[in-house]
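Okay, structure first, notes after.
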């Protein structure tokens, strides 16, 4: 995390709902990299859909989501950031910025 912060990809912010916690959020540079990763994931998604079929790929996503939820519930592990990108979910106060700089809804994935 220190490396990502030092190189301008993320910034630490106080959690407004928990004074003891710190949120780690993408900076503009971080969102640019996340967008590049999302494009790669979209290409992979397209190729997997062509090779596996949409129904089987959806089954795979459902199984991965179930596994991630089980890991999170076990408190032994947290889904890695790549899974968060794959499922397009973000912490409440770390949404992608809009052109005006305001936060967007959790379901939104583009700027």
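Quickly run through the stretch 32-58 and pick out the residues that are over 18 Å from residue 1 (Cβ atoms) and either part of a loop (DSSP other than H, G, I, E, B) or in contact (Cβ under 8 Å) with a residue 40 or more places away in the chain (or both). If the condition is that a residue be over 18 Å from residue 1 (Cβ atoms) and either part of a loop (DSSP other than H, G, I, E, B) or in contact (Cβ under 8 Å) with a residue 40 or more places away in the chain (or both), then 35, 38, 41, 53 are the ones that fit.
Of the residues 29, 61, 19, the single one that is loosely packed, with under 12 Cβ neighbours inside 10 Å and without any contact (Cβ under 8 Å) to a residue 40 or more places away in the chain is 19. Taking the numbered list (1) loosely packed, with under 13 Cβ neighbours inside 10 Å; (2) more than 19 Å from residue 1 (Cα to Cα) in turn, residue 14 passes all entries but (2).
Just so you know, all these numbers are worked out from the coordinates, no wet-lab data involved. Everything quoted here is computed from the prediction, not taken from an experiment. Cβ sites come from the backbone with ideal geometry, for glycine too, and all protein chains shown count toward neighbours.
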